[in-house]
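Asker: Could you have a look at this structure, given as structure tokens, before my questions?
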Amino acid sequence: MIEARDVVKRFGAIEAVRGISFAVGEGEIVGFLGPNGAGKTTTMRMLTGIFPPTSGQVRIAGHDVLAEPLACRRAVGYFPEHAPHHPELRVTEYLRFVARVKGVPRAHQGSAVDHVVAAFGLGAMAGRRIGALSKGYRQRVGLAQALLGDPPILILDEPTIGLDPEQVVEIRELVRGLRGARTVLFSSHILSEVQALCERVVVIARGTIVGEGRAVDLARRLGGRQRVSVRADGPVDDVRCALAGLAGVERVDAADGTFVVEATAEGGALSHRVGHAMLAGGWAVLELRQEALGLEDVFLELVRPGGRA
């Protein structure tokens, strides 16, 4: 449904996107991640037809964005990072306006607006001016306008930005409800939300794709990075020193008698080496467990200079 092949975008002498390629299949929810300035929003704008690619090919629902721009735009519902606000309009007035702009037949505009109002829980707010709504409800209006016209593809750029935790959960559940029914490319700086929603992720940094796949698979490809948690009955400074001296160890954190050790694959299984170090120091091991690297760990490793998986 979404396909980018060797896509480049230049703004004068600045190459914002450098030959990226990735695809999102029908019905998938895929996370699109990157630090500020990585080229993430520029890429999303090329996918939605706002920016033409300098070179390469973008195909949306089987259509080329340069050869068939209107067909591509009809296939996409876009939620930009800063949701469009028309504070003087009431919710239904704004959504009817969007329906007209998107070319929804006049006879179906009312039912189309009613559908998205119901889908995003806007019934109680339908007659209120957008400028008087809370940030959470304005985000809902932004999602509702993206769904107008029944597009098969949704591109959502930071739909939870600026929301409180309860509102974040609400938006997450709304997006989760689209699984299977829509192809969704979902960008967010809240990595726990991406991990909860998305089957896989695409990570961009410095204008290039530095990782693509499930978080667990990306972690496995990052040179076998390991993390072990150990609770030991020994002097904190002595235990920390012993752990820090193990081959490949890059970080040791200590809190309340528990030590979290992160290391590369150098030296073999980290849990075994940590256990032996505790025995060698004569310290009782109260708990020892291998911990999986989370999406945040994978993301930080990928976007650092030289990181790639």
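Asker: What is the dipole size for the chain, taken about its Cα centre, with +1 at each Lys and Arg Cβ and -1 at each Asp and Glu Cβ, in debye to the nearest 20?
Answerer: 1200 debye
Asker: Relative to the longest principal Cα axis of the chain, at what angle does helix 270-281 sit, 0 to 90 degrees, rounded to 10?
Answerer: 30 degrees
Asker: Taking the chain as the reference, fit the longest principal axis to its C-alpha atoms, fit the long axis of helix 91-101 to the helix C-alpha atoms, and give the angle between the two in degrees, 0 to 90, nearest 10.
Answerer: 70 degrees
Asker: Given H placed on each backbone N at 1.01 Å, which residues far from GLY34 in sequence or on other chains put an amide H within less than 5 Å of it?
Answerer: Residues meeting the criterion, in which the H sits 1.01 Å from N, are ILE204.
Asker: Which one of THR258, LEU302, LEU148 is farthest out on the positive end of the charge dipole of the chain, using unit charges on Cβ (Lys, Arg +1; Asp, Glu -1) and the Cα centre as origin?
Answerer: Final value for the positive-end residue is LEU148.
Asker: Using a Förster radius of 25 Å, what is the FRET efficiency between GLU250 and ASP217 based on their Cβ-Cβ separation? Nearest 0.05, please.
Answerer: For GLU250 and ASP217, the calculated efficiency is 0.70.
Asker: If the chain between ILE50 and ARG176 were fully stretched, how many nm would it gain, using 0.36 nm times the residue separation less the Cα-Cα distance?
Answerer: Between ILE50 and ARG176, full extension yields an extra 42.7 nm.
Asker: Ranking request for peptides 138-149, 240-251, 50-61: highest mean number of other beta-carbon atoms within 10 Å first, then the rest in descending order.
Answerer: Result, highest mean first: 138-149, 50-61, 240-251.
Asker: On to the next question. Size of the dipole of region 226-292 about the Cα centre, Lys and Arg at +1 and Asp and Glu at -1 on the beta carbon, nothing else charged, in debye to 20?
Answerer: 160 debye
Asker: Per DSSP H run of at least 4 residues, take -39500 (n - 2.57); add these up for the chain, divide by its residues and hand me the 222 nm value, nearest 500 deg cm²/dmol.
Answerer: Result for the chain, helices only: -10000 deg cm²/dmol.
Asker: So for each of 126-132, 280-286 I average, over its residues, the number of other beta carbons within 10 Å; can you give me the resulting order with the highest mean first?
Answerer: Order by mean packing, descending: 126-132, 280-286.
Asker: Determine the relative contact order of the chain: mean sequence separation of Cα pairs under 8 Å and six or more apart, normalised by residue count, in whole percent.
Answerer: That works out to 19 percent.
Asker: Note the angle between two axes, namely the Cα long axis of helix 165-176 and the longest principal axis of the Cα atoms of the chain, as a number of degrees from 0 to 90, rounded to the nearest 10.
Answerer: Value to nearest ten degrees: 70.
Only the coordinates and a few stated rules stand behind these numbers; no lab work does. The model shown is predicted, which means the values in this text are computed figures rather than measured ones. Note: ideal-geometry Cβ built from the backbone for every residue, glycine included; neighbour counts use all protein chains shown.
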